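Worksheet for the structure shown next.
Read-outs throughout are calculated quantities, based only on the coordinates presented, and are distinct from any laboratory measurement. These numbers come from a predicted model, not from an experiment. Here the Cβ is made from the backbone with ideal geometry for all residues, glycine too, and neighbour counts use every protein chain on show.
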Amino acid sequence: MGGKLLREITPLTQNDCFTLFAREKTVFDFPLHYHEEFELNFIQHATGAKRIIGDHMEEINDLELVLVGPNLQHGWFTNKHQGGIVKEITVQFHRDLFDDKFLQRNQMSFIRSLLERSLRGILFSRETITSILPRLVLLPQKQGFDSVLELMSILHDLSISRNIRILSDASFRNTETLSYNSRRIEKIMKYLNDNFDKNVSLSEAAKIAAMTNVSFSRFFKLKIGKTFVDTLIEIRLGHASRMLIETTHGINEIAYKCGFNNISNFNRIFRKKKDCTPKEFRLAYTSSSGVRTFV
């Protein structure tokens, strides 16, 4: 991250499984940051505040529950929040709380998927928040082993909840990796990440997977949950977002470096995906982290 963002040293010690904070405040004054631990963050009564997770930015409503994976930059900012008492509950737990071999067990498949998806940030639905909140509130009253069991139970219930949203683009942070449970898909995703700046074709990807175009399209959509073209665009936007934040390159140059051969098309797709122009994104992101703004 080039020293541009705050690396937070959390108070979680190696002797504890997790730490929890319950607090009230009137403003958000902590800068954009990242840390090694997973973080489950609940916020109430902060309508109009702005959330940044990876390269995703949006205003929040009165209920907010997000799971943030290791080393994914994040922060909440006062923005348009009109004041009043904001309630916040933050749970931070070690990335090795669940051993890799343990996560590969069949009974842990849902939690494994949850933790993998949290590498891009997960926003939970209002229905899920309402059902989980009473248990989050009571978690500090649990002691010892019971508290760890309750946290695991909460994570499991979150992992099977409906209508979750993945926030950040897949390629925004490439320091962490996702497991796709498919060698074919892993080969294709490597191909896309290695060649996003070139003229990538579905036909070439199908050849790598040793499938026909039609069969590959169906297979890819089934495994990833979105089309090949949409996935390629998301990867390109993730790289573009990172370059907007971490480099001084002009927007036109970034567009071409990320495989967009038409600047108008890049601006249109970027605005549709992120609800702001590339220039607005750069200004909003860097001002939140205290980094010098490039225009």
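Taken along the Cα-to-beta-carbon direction at a fixed 7 Å, the label points for GLU204 and GLN141 span 6.0 nm. Here the extension length gained between MET152 and LYS221 equals 21.8 nm, from 0.36 nm per residue of separation less the Cα-Cα distance.
Across region 39-193, the relative contact order, built from alpha-carbon pairs under 8 Å that are at least six residues apart, equals 26 percent. Taking a Cβ cut-off of under 10 Å around ASN41, the surrounding Lys, Arg, Asp and Glu residues balance to a net charge of -2, with basic ones at +1 and acidic ones at -1.
Rounded to the nearest 0.05, what FRET efficiency do ASP99 and HIS45 give with R0 = 35 Å and r taken as the Cβ-Cβ distance? Could you check? According to the calculation, E is roughly 0.40. Sparse packing (at most 16 other Cβ atoms within 10 Å of the Cβ) combined with a DSSP loop state is found for the following GluC sites (Glu not before Pro) in region 36-65: GLU36. Fully extending the segment from LYS187 to GLU246, taken as 0.36 nm per residue of separation minus the present Cα-Cα distance, adds 18.5 nm. Helices assigned as whole DSSP H runs in the chain whose Cα atoms extend at least 15 Å along their own long axis and whose mean Kyte-Doolittle hydropathy is -0.5 or higher are found at 126-138, 144-159, 213-224, 228-246. Here semi-axes √(5λ) of the Cα gyration tensor in Å was computed from the coordinates, and among (i) 39, 26, 15; (ii) 61, 19, 15; (iii) 33, 26, 16 the match is (iii).
Structural size metrics of region 12-76, computed from C-alpha coordinates, are Rg and Dmax of 12.4, 38 Å. Take the Cα of ARG165, step 7 Å toward its Cβ, do the same at ASN195, and the gap between the two points is 3.4 nm.
All other residues whose Cβ lies under 9 angstrom from that of GLY259 are scored, Lys and Arg at +1 and Asp and Glu at -1, for a net of +2.
The chymotrypsin sites (Phe, Trp or Tyr not before Pro) of region 216-254 include none that DSSP puts in a loop with a beta carbon having at most 13 other beta carbons within 10 Å.
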